[in-house]
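So the structure is just underneath, and the comments pick up after that.
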Amino acid sequence: METRDWIRDGRRAVGWGAVSIVLALTNIPLVVLFVVSLALTPVLGLGLFLFPLVVRLVRARTNLSRRLAADWGVTIDRPYKPAPPGMRPVGWSRWRFLITDSATWQDLAWLVPGFVAGVVLGLLTLVLPAYGVEGILLIPLWLWLGLGDYGYGVFWPFHSVGEAFLSLPQGTLFLGIGLALAPYLRRWDAQFARLLLAPTPAARLRLRVTQLTVTRADTVDAQAAELRRIERDLHDGAQARLVSLGMAIGLAEEIVERDPAGARKLLAEARESSTTALVELRHLVRGIHPPVLAERGLDGAVRALALHLPVPVNVDSDVTGRLPTPVESAAYFAVAEALANLTRHSGARFGFVVLRRDGDRLQLQVGDDGHGGADPSGGTGLRGIERRLAAFDGTMALSSPPGGPTIVTMELPCVSSSPKTMLSSETG
């Protein structure tokens with residue numbers, strides 16, 4: 001790591017150390033409010049309205065700690081049960097729902113230890129860098145102003161400005177050590193929060209069941225929509241042409257003896273209709289599972305797809321082995337949908353696709369230099385990608401600030417189904 005990197009990270013950690021102290025000080029008032037709102041429940045039912053509001057504040061505080069922990073590389077999932085649809089924000093049903101949620105008491109159990117850890121680790125984050133700054137700046141200034149003797153580090157005391165400059169190397173050393181240790185102290189604080197705020201095994205199982213229920217429903221809806229699309233394409237395309245083909249051949253049979261020229265014309269039209277129907281059927285099959293994907297795998301299929309786009313797209317891939325067919329298909333269509341959005345909506349002059357295999361995880365990235373501003377809620381394309389990946393416990397993250405660039409990052413689990421490798425030398 002370059003010098004400027006660890007100095008930058010250290011300064012950032014020191015700043016967040018000061019913030020963590022301020023945030024930790026809010027924990028104690030929240031504990032008091034929690035206890036008071038719970039105690040007021042029998043008093044004219046005041047707690048039925050006050051308690052849900054206090055729990056909302058407590059969860060906002062703990063969720064903030066989870067987000068800050070994620071900034072330091074520590075992921076803390078939320079353990080809360082989803083509220084039933086239509087439940088009022090306050091009242092008896094909300095009170096009973098919150099009081100029976102184990103995550104409510106888990107948050108309460110963290111507030112006091114979180115206060116202690118936040119203050120102690122926050123102060124430790126500040127002390128060494130502050131002591132270093134004192135040795136570099138304050139001691140020479142103190143003695144230059146003639147405010148008396150001063151001691152620092154291993155030298156005690158300093159009597160003159162000349163002696164005070166002996167504090168500079170010590171101050172620089174303390175400052176450097178403090179900046180180097182500060183990120184570790186922030187991560188220790190985040191790991192302590194995860195120890196108390198992460199879901200319990202029971203809560204994790206409940207969240208998993210809820211997630212699977214949602215993704216199953218989305219998958220069923222997506223498959224139903226796909227079947228309707230296939231049926232519509234067959235009915236409006238190939239089926240209609242085949243019906244027309246049969247009618248043309250039947251009519252040719254009837255007039256072949258009395259009007260051979262007309263019969264030949266009908267048969268020529270029938271031949272054209274059969275060719276068109278065959279092309280439409282091939283397109284339909286390609287939309288279900290592209291032959292190039294079956295023949296050349298994900299790497300080759302994505303490269304072939306990039307070659308036929310109107311926008312230059314560079315493909316960078318280290319995926320050389322065959323993946324399970326469902327995963328391969330989901331990844332291909334996710335990339336294809338992202339590239340379709342790139343060509344239709346981004347106004348980009350250049351795009352890229354990155355495919356990476358990291359153990360049992362497949363990482364996909366599609367980006368462009370367009371005008372940005374992509375929003376999953378603005379259309380069905382990105383939401384369709386999310387649903388497709390969610391069926392495999394995959395995730396999608398979107399970065400698309402106004403003015404660009406747009407980067408869609410996707411990840412899904414995969415296990416190689418074959419030791420074979422498939423190399424491709426094409427470029428997209």
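The values are calculated or read from the model by the stated rules, or taken from the named source; none is laboratory data. Source: prediction; values computed, not measured. Counting neighbours? That spans all protein chains shown, and the Cβs are built from the backbone with ideal geometry, glycine included. Note: accessible area is taken over every heavy atom of the protein model, side chains too, but ligands, DNA and RNA are not part of it. Shrake-Rupley method; radii C 1.70, N 1.55, O 1.52, S 1.80 Å.
Matching residues to (1) more than 29 Å from the chain's Cα centre (by Cα); (2) closer than 16 Å to Ala190 by Cα; (3) of a type in the set (Phe, Trp, Tyr):
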{"residue": "Leu23", "(1), (2), (3)": "no, yes, no"}
{"residue": "Val31", "(1), (2), (3)": "yes, no, no"}
{"residue": "Gly45", "(1), (2), (3)": "yes, no, no"}
{"residue": "Val55", "(1), (2), (3)": "no, no, no"}
{"residue": "Leu64", "(1), (2), (3)": "no, yes, no"}
* Test result for Gly403, open to solvent by less than 50 Å² (accessible area, probe 1.4 Å), outside any helix (DSSP H, G or I) and modelled with pLDDT under 85 -> no
* Consider Phe192 carefully, then state whether it is open to solvent by 50 Å² or more (accessible area, probe 1.4 Å), modelled with pLDDT of 65 or more and in contact with a Pro (Cβ under 9 Å, 6 or more places away or on another chain). => yes
* Asked: Got a number for residues in the range 86-100 being free of Cβ contacts under 8 Å to residues at least 40 places away in the same chain and either under 28 Å from Leu181 (Cβ atoms) or open to solvent by 50 Å² or more (accessible area, probe 1.4 Å) (or both)?
  -> 5
* Structure fact -> Among the residues of the range 313-335, the number that are buried (at least 18 other Cβ atoms within 10 Å of the Cβ) and of a type outside the set (Phe, Trp, Tyr) is 13
* Asked: Does Gly297 qualify as being modelled with pLDDT of 85 or more, open to solvent by less than 10 Å² (accessible area, probe 1.4 Å) and not in a loop (DSSP other than H, G, I, E, B)?
  -> no
* Asked: Does the range 12-22 contain at least one residue that is among the polar types (S, T, N, Q) and either assigned to a loop (DSSP other than H, G, I, E, B) or free of Cβ contacts under 8 Å to residues at least 60 places away in the same chain (or both)?
  -> no
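This table checks each residue for (1) in a loop (DSSP other than H, G, I, E, B); (2) surrounded by fewer than 21 Cβ atoms within 10 Å (Cβ to Cβ); (3) modelled with pLDDT under 85; (4) in contact with a helix residue (DSSP H, G or I) (Cβ under 8 Å, 6 or more places away or on another chain).
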residue: Leu339; (1), (2), (3), (4): no, no, no, yes
residue: Gly347; (1), (2), (3), (4): yes, yes, yes, no
residue: Val353; (1), (2), (3), (4): no, no, no, yes
residue: Gln365; (1), (2), (3), (4): no, yes, no, no
residue: Arg383; (1), (2), (3), (4): no, yes, yes, yes
residue: Pro419; (1), (2), (3), (4): yes, yes, yes, no
residue: Ser425; (1), (2), (3), (4): yes, yes, yes, no
* Given (1) modelled with pLDDT of 80 or more; (2) assigned to a helix (DSSP H, G or I); (3) open to solvent by 10 Å² or more (accessible area, probe 1.4 Å); (4) farther than 23 Å from Cys414 by Cα, index of the condition Pro310 fails -> (2)
* Tell me, please, whether a residue that is at pLDDT below 90 and farther than 28 Å from Ala180 by Cα can be found in the range 49-60. => yes
* Asked: Within the range 277-291, is there a residue that is touching a Ser or Thr at 6+ places or on another chain (Cβ under 8 Å) and at pLDDT below 75?
  -> yes
* Asked: Of all residues in the range 195-209, which are assigned to a helix (DSSP H, G or I), at pLDDT 70 or above and open to solvent by less than 80 Å² (accessible area, probe 1.4 Å)?
  -> Leu196, Leu197, Ala202
* To do: Would you please name the residue that is nearest to Leu195 (Cα to Cα), looking only at residues in the range 51-80 that are among the aliphatic types (A, V, I, L, M) and crowded, with 19+ Cβ neighbours inside 10 Å?
  => Ile76
* Taking Ala217 as the residue in question, decide whether it is at pLDDT below 75 and surrounded by fewer than 14 Cβ atoms within 10 Å (Cβ to Cβ). => yes
* Asked: Of everything in the range 77-105 that's modelled with pLDDT of 90 or more and in contact with a Leu (Cβ under 7 Å, 6 or more places away or on another chain), which residue is farthest from Ile21 (Cα to Cα)?
  -> Trp95
* **Residue list for the range 292-308, restricted to those being of a type in the set (A, V, I, L, M) and within 27 Å of the chain's Cα centre (by Cα)** => Leu293, Leu298, Ala301, Val302, Leu305, Ala306
* Number of the exception - Val319 against (1) at pLDDT below 85; (2) touching a helix residue (DSSP H, G or I) at 6+ places or on another chain (Cβ under 7 Å); (3) β-branched (Val, Ile, Thr); (4) assigned to a helix (DSSP H, G or I) -> (4)
* Give the residue, chosen from Ala83, Ala103, that is assigned to a loop (DSSP other than H, G, I, E, B), open to solvent by less than 60 Å² (accessible area, probe 1.4 Å) and more than 30 Å from Arg11 (Cβ to Cβ). => Ala83
* Are there any pairs with C-beta distances below 6 angstrom linking a residue in the range 290-301 that is under 11 Å from Leu355 (Cβ atoms) to a residue that is among the charged types (D, E, K, R) and assigned to a loop (DSSP other than H, G, I, E, B), with the two at least 6 apart or on different chains, and if so which? -> Gly297/Arg322
